[in-house]
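Encoded as structure tokens, the structure appears first; notes follow it.
The values are calculated or read from the model by the stated rules, or taken from the named source; none is laboratory data. This structure is a prediction, so every number in the text was calculated from the model and none was measured. Positions of Cβ are backbone-derived with ideal geometry, glycine not excepted, and every protein chain shown enters the neighbour counts. Keep in mind that these areas ignore ligands, DNA and RNA; they rest on the heavy atoms of the full protein, side chains included. Shrake-Rupley method; radii C 1.70, N 1.55, O 1.52, S 1.80 Å.
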Amino acid sequence: MAIEKRLQILRETMREHGVDYYLVPSIDAHNSEYMPTCWKRRTWISNFTGSAGEALVGMDNAYLSTDGRYFLQATQELDGNFYSLIKQLGFVSEIELFLQKNAAQKSLGVDPKVIGIGRFARLQQLMTSIGGKLISIENNLVDLSKNKLGEDVVLPNKKVMLWDDKFSGFSTKEKLAWLQSEILENQADYLLLNVLDEIAWLFNIRGYDIDFNPYAISYAIIGKDSAILLVDSEKLNDEILAKFKKLNIKIVNYDQFATEVTKISGVILLDDATASQWMLDCAVKVGKTKFIKSPIVLAKACKNETEKNGMRLAHRKDAVAVIKFLNWINSNWQNGLDEISSSDKLEEFRQEQVNFYGLSFSTISGYASNGAMIHYRASQKSKKIISNDAMYLLDSGGQYFEGTTDITRTLHFGAPSNDEKKYYTLVLKGHLALGRARFPEGTRGEHLDILARTPLYNELLNYRHGTGHGVGCFLGVHEGPQRISTAQSSVPLMSGMIVSNEPGLYFEGQYGIRIENLVLVNEINQDSEYGKFFEFEDLTLVPYCKKLIDFAMLDNTELTQIKNYYKQIENIILPLLDSDSAAWLKQELAI
């Protein structure tokens, strides 16, 4: 349906609720990056499919704000007759700056379920300061508009599975006891949870409600001596119900969260970085609220020994799949392969691996100019035929019961130009510099980011995305609180954390380059008068593209680092391959 019609219906709904502007964020009630189709409201009203950004709809105009990763994509997806692109260049919300200049004496409508506590307070203060008004409307106006057009908003209803203790390392009972002790330590009575990966981690459950993420749509109310999981009961099999009954975990349907909150009292904890304004509204009616960082965030980020070993195993499986694919595509690219058929074939190789659950995100398969779009998604309309006259960027990952993977390799099937080799090698030099970093306790990602960018900075080049994001263990491919970026994180890198190492370089209209490994933060077992030190362990075990490396640009330290990395691949992955793939790998490892 045309965006014009959708905007027309939304504006009619806005008038019914006395709203001049309506904010449509990209997140859902669970602060999710990925969400079911029924909650992709911003995409529905704008056609923009990027994972970050928000729409602001006024009575006469509509706006889409997103960051540098998506400028090109937004330009292509937005209808310029109805939408203007607002480029997010800094850390201050461009939407809020726009409202400050253009919404005096106006009203702004928001759904409190999809607005965080801090954001709601800022918007309220902003609208008051310009003589306007912030209107909180629990019935989402995009949903109401969809209903008017005959589109029902129906949540997915897929089964939930238990994640076995042999994968998790700690049982649900142990995790609940720990979390309840944290509640007591904070002198509180309850903790309200809405973030899906936190709930999945706590209860050792995984689901199928969200594409690429093993989550079940749910809330949780954890008391100092009680636990309630709010999930539609028909999703739970007899095994789960029996286990949770034994643990005194009460099961209540998902839509009863507000009702259940009315039954509690005392001091109620909320993570104001992720909880919605609606959750706060529910809590303040029955108790005293206190804001904390959810204890689960750090516990989940710092993998235990079982999870570390699981992630290593998942990456070995993934390396086998990716290397089989690389061997296959190097022999078959001449047969009219395109970006979609190639990525589908890679998924087939992953499906061969034991305990494969699915992809960890929608594969970024970009040939030539499509690779210059940082978060490109191939479609039947946009797909290119792969040939030997340009670079091919492939960013993909898998979910296995043991762990989550994410890898990017940039390939070339012909004779790369000197410039292509130069730029690829500059990105590789940054990737290697970060990968061999050693750093003291307290070091944050922003302290290390410069290592990956320096070879590019020296050439007056840069990239518009972070260098590294945290990764979960059979959870989200994007996980906080750790990251490596120019942006301040305030969170030090700790033993057991996993982050990506993925510098890149992009030439609009030509090609893109990105090289990505996942790395595990390990403590160095050596006494130092300066305290603890840490280093990275490469979990990803796949060779770089040999023909794109200008070896004359590498120094001895970098050459030795690659050789040591390749020795790991040879020792760990080579014995797991079929003879044909092994022969290809041996050739690539010979440098």
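Figures for the structure shown
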{"read-out": "Ratio Rg/Rh, restricted to the chain and using Cα atoms, in which Rh is the Kirkwood radius", "value": "0.97"}
{"read-out": "Accessible area of segment 402-521 divided out per residue, in Å², using a probe of 1.4 angstrom", "value": "31 Å²"}
{"read-out": "17 Å tail of the calculated P(r), segment 356-402, as % of Cα pairs", "value": "39 percent"}
{"read-out": "Relative contact order for the chain, counting Cα pairs under 8 Å that sit 6 or more residues apart, in percent", "value": "11 percent"}
{"read-out": "Span from the segment 393-458 Cα centroid across to the segment 128-184 one, whole angstrom", "value": "34 Å"}
{"read-out": "Considering only the chain, percent of DSSP beta bridges that pair antiparallel, nearest 5", "value": "70 percent"}
{"read-out": "Whole-number D in µm²/s for segment 1-158 (Stokes-Einstein; Kirkwood sum over Cα pairs; 4 °C, 1.567 mPa s)", "value": "82 µm²/s"}
{"read-out": "Principal axes of segment 445-591: Cα extent on each, largest first, Å", "value": "47, 42, 35"}
{"read-out": "For segment 157-241, alpha-carbon Rg relative to the globular expectation (2.2 N^0.38 Å, N residues)", "value": "1.08"}
{"read-out": "Positive minus negative residues near Glu535 (Lys, Arg vs Asp, Glu; Cβ under 15 Å)", "value": "0"}
{"read-out": "Virtual spin-label span in nm between Glu570 and Ala177, 7 Å along Cα→Cβ", "value": "4.8 nm"}
{"read-out": "Cα coordinate range in segment 89-140, projected on the principal axes (Å, largest first)", "value": "28, 26, 15"}
{"read-out": "Reachable lysines, given that their alpha-carbon falls under 23 Å from the alpha-carbon of Lys293 and they are not under 8 places away in the same chain", "value": "Lys113, Lys173, Lys175, Lys224, Lys285, Lys303"}
{"read-out": "Hits among lysines - C-alpha to C-alpha of Lys345 under 17 Å, sequence gap 8 or more where chains match", "value": "Lys317, Lys324, Lys383, Lys384"}
{"read-out": "Segment 198-272 and segment 300-340: distance between their alpha carbon centers, rounded to Å", "value": "33 Å"}
{"read-out": "Cα-based equivalent ellipsoid of segment 306-444: semi-axis lengths in Å, sorted from largest, via gyration tensor", "value": "26, 22, 13"}
{"read-out": "GluC sites (Glu not before Pro), loop per DSSP, at most 15 other Cβ atoms within 10 Å - longest free stretch of the chain", "value": "152-351"}
{"read-out": "Sequence-separation-based contact order of segment 175-297, relative, with Cα cut under 8 Å and 6+ spacing, percent", "value": "25 percent"}
{"read-out": "Largest to smallest principal axis extent of the C-alpha atoms in segment 231-371, angstrom", "value": "67, 39, 32"}
{"read-out": "Rounded to 5, the percent of DSSP beta bridges in segment 38-125 classed as antiparallel", "value": "40 percent"}
{"read-out": "Percent accessible area from carbon and sulfur atoms, segment 335-413, protein chains only, probe 1.4 Å", "value": "45 percent"}
{"read-out": "Asp164 accessible area, assembled protein chains, probe 1.4 Å, Å²", "value": "80 Å²"}
{"read-out": "Structure-based [θ]222 nm, the chain - -39500 (n - 2.57) summed over DSSP H runs of at least 4, per residue, nearest 500", "value": "-11000 deg cm²/dmol"}
{"read-out": "C-alpha long axis of helix 117-129 to longest principal axis of the chain, angle in °", "value": "60 degrees"}
{"read-out": "Debye-sum result for segment 510-591 in log10 I(q)/I(0), which assumes one identical scatterer on each alpha carbon, at q = 0.11, 0.21, 0.23 Å⁻¹", "value": "-0.42, -1.11, -1.21"}
{"read-out": "Given charges at beta-carbon only (K, R positive; D, E negative), |dipole| of the chain in Debye", "value": "440 debye"}
{"read-out": "Segment 210-291, accessible surface, carbon-and-sulfur percent (1.4 angstrom probe)", "value": "49 percent"}
{"read-out": "Whichever lysines have a C-alpha closer than 16 Å to that of Lys148, once near sequence neighbours (fewer than 8 apart) are set aside", "value": "Lys5"}
{"read-out": "Percent RCO, i.e. relative contact order, over segment 155-236, from Cα pairs under 8 Å lying at least 6 residues apart", "value": "36 percent"}
{"read-out": "Two-decimal Rg to Rh for segment 181-303 - Kirkwood Rh, Cα set", "value": "0.94"}
{"read-out": "Estimated inter-spin distance, Ser51 and Glu508, nm [label 7 Å along Cα→Cβ]", "value": "2.3 nm"}
{"read-out": "Size of electric dipole in segment 1-74: Cβ of Lys, Arg +1 and of Asp, Glu -1, about Cα centre, debye, nearest 20", "value": "200 debye"}
{"read-out": "Segment 6-19 - phi-based ³J(HN,Hα) in whole Hz, Karplus 6.51/-1.76/1.60, Gly and Pro as x", "value": "5, 5, 4, 5, 4, 5, 4, 5, 4, 4, 4, 9, x, 10"}
{"read-out": "Where the Cα pairs of segment 467-510 fall when distances are cut into 10 Å bins, in %", "value": "26, 46, 20, 8, 0"}
{"read-out": "Part-to-part distance (alpha-carbon centres) for segment 483-525 and segment 531-574, which is given in Å", "value": "16 Å"}
{"read-out": "Within-13-Å neighbourhood charge of Leu559 [Cβ basis; K, R +1; D, E -1]", "value": "+2"}
{"read-out": "Cα-based Lys pair tally, segment 461-591, threshold under 23 Å, eight or more apart or on separate chains", "value": "8"}
{"read-out": "Computed P(r) (all Cα pairs; segment 549-591; 10 Å bins; percent)", "value": "27, 47, 22, 3"}
